[in-house]
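Just below is one structure, and these are the notes that go with it.
What follows draws every value from the coordinates through simple rules; no lab data is involved. Just so you know, these numbers come straight off a predicted model, no measurement behind them. Reconstructed Cβ throughout: ideal geometry from the backbone, glycine too, with neighbour counts over all protein chains shown.
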Ligand SMILES: C[S@@+](CC[C@H](N)C(=O)[O-])C[C@H]1O[C@@H](n2cnc3c(N)ncnc32)[C@H](O)[C@@H]1O
């Protein structure tokens, strides 16, 4: 049965076809996290990644922050297996602990040292708005003072016409990619996924996010990069 939800662990090679700025989005996310700690002491960072998927974001974190201690969490065992394979290619010295758990449950049981960074890419838009609200509410408890929540994802920035133009571009990009592969199921699933993301229970408005984060202790919230449907949000706690 077609679900309208594409397998969330498609490889980065496909994701960059669907979203041509996928690598740049990651480069910018890493850069913004680095910039955030530019003036801080050089102590190795404790980083939590939410939703490792195929492991591309985890790989970027490992390369960009070689001294950091990184925890990456995913509720899908298959994603964890794939991310482990992807990151093992970096060598035995890499420092990452994969945790198979639900993100909210993990954050609620935060009987552990706080993180400097909680980061994620293209995962939060899959959460329902109620679930996302609960995650936003618990970030503070898991971040040390001065820590940052850095999320690269599909934010609805508030202008309907601009948003629809971006969505049109995205749907047509998907159709071109899958037509060239003659993959009609892939085409269907990805188009449905993007349309489902527009439903009120999934859409991720920037204004709501900002309100929820500042209501839960974020002292500064900034938009750092925006290309087509994707934007980087940085919230300092
Ligand atoms: C689109 S993938 C992430 C892709 C990855 N950042 C990348 O670009 O390589 C989203 C991942 O989030 C995971 N996920 C979704 N909801 C989750 C939840 N509530 N708790 C933990 N992981 C979740 C999915 O299993 C999936 O592997």
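Evaluate the relative contact order of segment 164-237 (contact order divided by residue number), counting alpha-carbon pairs under 8 angstrom at least 6 apart; express in whole percent.
Contact order relative to length: 23 percent.
Based on alpha-carbon atoms only, what is the radius of gyration of the chain relative to the globular estimate 2.2 N^0.38 Å?
Relative to the rule-of-thumb radius for its length, the chain sits at 0.98.
Which order do the peptides 110-123, 34-47, 203-216 take when ranked by the mean count of other beta-carbon atoms within 10 Å per residue, highest first?
Taking the mean over residues of other Cβ atoms within 10 Å, the ranking is 110-123, 203-216, 34-47.
Stretched out fully, how many nm does the piece from residue 35 to residue 171 gain, at 0.36 nm a residue minus the Cα gap?
45.6 nm
How long are the three semi-axes of the equivalent ellipsoid of segment 120-200, in whole Å, if each is the root of 5 times an eigenvalue of the C-alpha gyration tensor, listed from largest down?
31, 14, 12
Using a 10 angstrom cutoff on alpha carbons, build the Gaussian network for the chain and name the most mobile of 54, 72, 180.
Checking each option, the largest mean-square fluctuation is seen for 180.
Antiparallel DSSP bridges in the chain: what percent, to the nearest 5?
Roughly 40 percent of the DSSP beta bridges within the chain come out antiparallel.
Once you wrap a convex hull around the alpha carbon atoms of segment 164-208, what is its projected area averaged over all directions, in nm²?
Result: 3.4 nm².
Please report the antiparallel percentage of DSSP beta bridges with both residues in segment 92-231, rounded to the nearest 5.
In segment 92-231, DSSP labels about 35 percent of beta bridges as antiparallel.
Add -39500 (n - 2.57) for each DSSP H run of 4 or more in the chain, then divide by its residues: what number comes out at 222 nm, to the nearest 500 deg cm²/dmol?
Calculated mean residue ellipticity at 222 nm is -14000 deg cm²/dmol.
Mind running the shape call on segment 66-204? Use the C-alpha gyration tensor, a ≥ b ≥ c as the square roots of the eigenvalues: rounded below 1.5 for a/c, prolate if a/b tops b/c, oblate otherwise.
Cα axes put segment 66-204 in the oblate bin.
Output the relative contact order of the chain, whole-number percent, from Cα pairs under 8 angstrom with separation of 6+ residues.
After rounding, I find 23 percent.
Consider just the alpha-carbon atoms of segment 1-133 and return their Rg together with their Dmax, both in angstrom.
According to the Cα coordinates of segment 1-133, Rg and Dmax are 14.9, 52 Å.
For segment 184-237, what is the largest minus smallest coordinate of the Cα atoms on each principal axis, given in angstrom and ordered from greatest to least?
Principal-axis extents of segment 184-237 (Cα, largest first): 46, 23, 13 Å.
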